[in-house]
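Take a look at the structure set out below.
The values are calculated or read from the model by the stated rules, or taken from the named source; none is laboratory data. Here the structure is a predicted model, which is why all the values come from computation and not from measurement. In this analysis, Cβ positions are derived from the backbone assuming ideal geometry, glycine residues included, and neighbour counts consider all displayed protein chains. Heads up: the accessible areas ignore ligands, DNA and RNA and are worked out on the full protein's heavy atoms, side chains in. Shrake-Rupley method; radii C 1.70, N 1.55, O 1.52, S 1.80 Å.
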Amino acid sequence: MEGWATGFNTAFDHVDHPLLHHQVRDPMSGREGKLMAVCHETLGYVEGARRTALTAYIRGIDGREFTAAATAVVAA
């Protein structure tokens with residue numbers, strides 16, 4: 001897909017992240033797991049402009065995924 005060349009997959013709003021597929025920790029919850037994806041999540045629209053936030057999808061050791069702020073995750 002052409003989106004990967006730019007570091008952005010337009011089909012799913014995926015974004016490259018330096019810790020992608022590595023063990024990470026969410027300091028807010030204290031949970032750890034493997035960083036599976038980072039995506040732009042739409043928060044809403046203000047005056048026609050799309051507002052987004054980066055959300056990290058992390059697979060915990062129990063196999064269930066949880067989300068965290070992508071800017072907050074750190075290497076485990």
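Find all pairs meeting these conditions: Cβ atoms under 8 angstrom apart; at least six residues apart or on different chains; first residue within the stretch 47-58 and free of Cβ contacts under 8 Å to residues at least 12 places away in the same chain; second residue open to solvent by 40 Å² or more (accessible area, probe 1.4 Å).
Once the first residue is free of Cβ contacts under 8 Å to residues at least 12 places away in the same chain and sits in the stretch 47-58, its partners that are open to solvent by 40 Å² or more (accessible area, probe 1.4 Å) give R50/T42; R51/T42; R51/L43; R51/Y45.
Give the stretch 38-76 a look and list any residue that's basic (K, R) and in a strand (DSSP E or B), or say none.
Within the stretch 38-76, R50, R51, R59 qualify.
Kindly provide the set of residues from the stretch 29-53 that are touching a His at 6+ places or on another chain (Cβ under 8 Å) and surrounded by 16 or more Cβ atoms within 10 Å (Cβ to Cβ), ordered by number.
If the condition is that a residue be touching a His at 6+ places or on another chain (Cβ under 8 Å) and surrounded by 16 or more Cβ atoms within 10 Å (Cβ to Cβ), then K34, L35, A37, V38, C39 are the ones that fit.
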